[in-house]
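One structure is given here, and the rest of the page talks about it.
The values are calculated or read from the model by the stated rules, or taken from the named source; none is laboratory data. None of these values were measured; they are calculated from a predicted model. Note that we place each Cβ from the backbone using ideal geometry, even for glycine, and neighbour counts take in every protein chain shown. Keep in mind that these areas ignore ligands, DNA and RNA; they rest on the heavy atoms of the full protein, side chains included. Shrake-Rupley method; radii C 1.70, N 1.55, O 1.52, S 1.80 Å.
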Amino acid sequence: MSEAEAFTYRPIGIIHSPHTDPEATPVQGAFARGVRGVVEVFPPYAAGLKDLEGFSHVYLLYHFHLSCGFSLLVKPFLDVVERGLFSTRAPRRPNAIGLSIVALKGIEGRTLHVEDVDILDGTPLLDIKPYVKRFDEVRNPRCGWHEGIDEETAARCGGRK
Ligand SMILES: C[S@@+](CC[C@H](N)C(=O)[O-])C[C@H]1O[C@@H](n2cnc3c(N)ncnc32)[C@H](O)[C@@H]1O
């Protein structure tokens, strides 16, 4: 495999949310508690939703379709210090892939009703994966520069609007 090799992903659906302004959108689902969204899965992929209703949370992987270019050093939304891009969740990345964990409130046909959405309306969906506690729970994590940001500052900067 060479550095120049490219991959093509096609959207499997579309994410709808109340967020239309990137500057006003919460910076993470943790600051968007209760914010509802709807995930429409395209018909060819609908059968893959079988058995998903038993999960309380799902990961949505998506394309930051309004993001252009990237910088390898960025000032994160919650900090005033420049950080390495890969130590942040900044939306401008070499591969503009977003990852949000959302609460799954219900499924009707090929429509998922979700909450805790930090994603702009009209965002192309790349994949859905269930949150599985036994796989995903991390004990005693270290959170790098985030450990220097107090909760009050995070909540003030993270909720935007
Ligand atoms: C900091 S990112 C975090 C997103 C995700 N939770 C993650 O960690 O990958 C959240 C910000 O991305 C921006 N955003 C959301 N959806 C986008 C999209 N489709 N295109 C470009 N920017 C988007 C919004 O400005 C939002 O505040």
Scan of region 128-161 for residues that are within 15 Å of the ligand (Cβ to nearest atom), closer than 30 Å to Arg10 by Cβ, surrounded by 15 or more Cβ atoms within 10 Å (Cβ to Cβ) and not hydroxyl-bearing (Ser, Thr, Tyr), ordered by number: Ile128, Lys129
Kindly indicate the residue of region 115-126 that is open to solvent by 20 Å² or more (accessible area, probe 1.4 Å) and assigned to a strand (DSSP E or B) and also farthest from the ligand (Cβ to nearest atom) among those meeting that condition. Glu115
Thr88 of a type in the set (Val, Ile, Thr), under 19 Å from Pro44 (Cα atoms) and within 12 Å of the ligand (Cβ to nearest atom): no
Restricting region 56-67 to residues that are within 13 Å of the ligand (Cβ to nearest atom) and assigned to a loop (DSSP other than H, G, I, E, B), the one least open to solvent (accessible area, probe 1.4 Å) turns out to be Ser67
Within region 4-32, which residues are surrounded by fewer than 17 Cβ atoms within 10 Å (Cβ to Cβ) and either farther than 20 Å from Lys129 by Cα or free of Cβ contacts under 8 Å to residues at least 60 places away in the same chain (or both)? Ala4, Glu5, Ala6, Phe7, Thr8, Arg10, Pro18, Thr20, Asp21, Pro22, Glu23, Ala24
Positions within region 82-114 being aliphatic (A, V, I, L, M) and open to solvent by less than 30 Å² (accessible area, probe 1.4 Å), in sequence order: Leu85, Ala90, Ala96, Val102, Ala103, Leu104, Leu112, Val114
Tell me yes or no: at least one residue of region 68-81 is modelled with pLDDT under 95, open to solvent by less than 30 Å² (accessible area, probe 1.4 Å), among the charged types (D, E, K, R) and in a loop (DSSP other than H, G, I, E, B). yes
Among the listed residues Arg134, Arg89, Arg156, which satisfies the condition of being in a loop (DSSP other than H, G, I, E, B) and among the basic types (Lys, Arg)? Arg89
